[in-house]
Structure formats: structure tokens, C-alpha cells
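**Q** My structure is below; once you've seen it, I'll send some questions.
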Amino acid sequence: MVGYTNAGKSSLFNVLCQKAHPSGKPQVEADDRLFQTLDTTTRKIELGPGCEILISDTVGFIQKLPHHLVAAFKSTLEEAAQADLLLHVIDISDPQNLEKLLVVEEVLRDLGAPEDKIIRVYNKIDKLPTPPADSNAIYISARQGSGIPALLNIVQRRLDDGYISI
Ligand SMILES: Nc1nc2c(ncn2[C@@H]2O[C@H](COP(=O)(O)OP(=O)(O)O)[C@@H](O)[C@H]2O)c(=O)[nH]1
Ligand SMILES: [Mg+2]
């Protein structure tokens, strides 16, 4: 899971972990502070029978990263770029979401992550006055839990496609 700070990565991570382990407590802190997520947290979840995946919550992108954090940030992202799939979590309610999307994907490109590994996940649809219209995109609300089964289906399908080397 990659994306700008505050997009809702940690919230989505918790939803996915709770789905797999319904009694579990939230795995990572989700809040409005920058750098809440400094380290990558990885958990194993079951998508379906015989399909276990590892998901990682990564440090978010921010503009004007403090200098002493640049190296740590880069190494975290380099690791993330090795994933089989990259869920790019985007805050659809953020007026600057397109600008931020381009920044994130440029960094991923610089790190050598193939574009076809990226799945854009538009989060926080509960904050929109009207539901989004583009039926080709993935819309979720990590807060309300909507769109999660459809997202997991797409992840499973992409993994089943077999383009991923094991
Ligand atoms: N309204 C709404 N708020 C959300 C949603 N997902 C996350 N948030 C809030 O957005 C803020 C940032 O979430 P967080 O998961 O920490 O984002 P991260 O920085 O990408 O890990 C928190 O205040 C969350 O409660 C959502 O689907 N809807
Ligand atoms: Mg986070």
C-alpha cells in the first residue's frame, strides 16, 4: 500500500486485517499526523481458500520531506516497489488528489516499479456529495467499509492472472 500521507492507507490496512482476523485490534495507528507511519508494517491475510497474501502499510508521501528523512523514506519505498501489486491509495475528497497522484507515481516510476503493478484505489467516497461516476475505477471508504469486497476481488484476480513470478 502506497500513497500520500492522509490518503487512508493505515485505515485500509486495518480494515483488511480485521476482515482476516475479526477479533483483532487495529494493527496500525490511523490519524491526521504526518509520519504516523514511519516503518512498514506487514501482515499476512487470507483472501480466500488457499490464497494468502502479505500486505504492507508504508510511510506516506508528503511534500517537502525533511532532509534527514529522505534516505529512510527512499529505502522504505524501494522495498515497497518490489511488491507483486501496489495499491495506490488516493484521497478522492482532496482537491489536490490528481497532483499528488502524479507525484507518487513518478516516484514509483523512478524506483523502477512497473506501471501495471499499480492499482489505484480511491478512498473516502463517503465524503463526496454524490457518488463518483467512472465505473472503471475502484472506489472505497475505509471508514465505512464500502467497496472492500470488490477491491479484494480485483486483487485476487490480478494475482490469479499469473503474471507474477513466484
Ligand atoms: N471520511 C473518511 N475518512 C477517512 C477514510 N479513511 C481514512 N480516513 C481518515 O483520514 C485520516 C488519515 O487516515 P490514515 O489511515 O492515517 O492515512 P495514511 O496517512 O494514508 O495512513 C484519518 O483521520 C482517518 O480517520 C474514509 O474512508 N473516509
Ligand atoms: Mg498511515
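**Q** State whether one or more residues within the range 125-136 are under 19 Å from VAL2 (Cβ atoms) and either in contact with a Lys or Arg (Cβ under 8 Å, 6 or more places away or on another chain) or of a type in the set (Val, Ile, Thr) (or both).
**A** Among the residues of the range 125-136, not one is under 19 Å from VAL2 (Cβ atoms) and either in contact with a Lys or Arg (Cβ under 8 Å, 6 or more places away or on another chain) or of a type in the set (Val, Ile, Thr) (or both), which makes the answer no.
**Q** With respect to SER75, is the statement that it is over 16 Å from the mean Cα position of the chain (by Cα), in a loop (DSSP other than H, G, I, E, B) and surrounded by fewer than 19 Cβ atoms within 10 Å (Cβ to Cβ) true?
**A** Answer is no for this residue.
None of the figures in this text is laboratory data; all of them are computed from the coordinates on show. From a predicted model like this one, the values you see are computed outputs, not experimental measurements. Don't worry about glycine lacking a Cβ; one is built from the backbone with ideal geometry, like all the others, and counts go over all protein chains shown.
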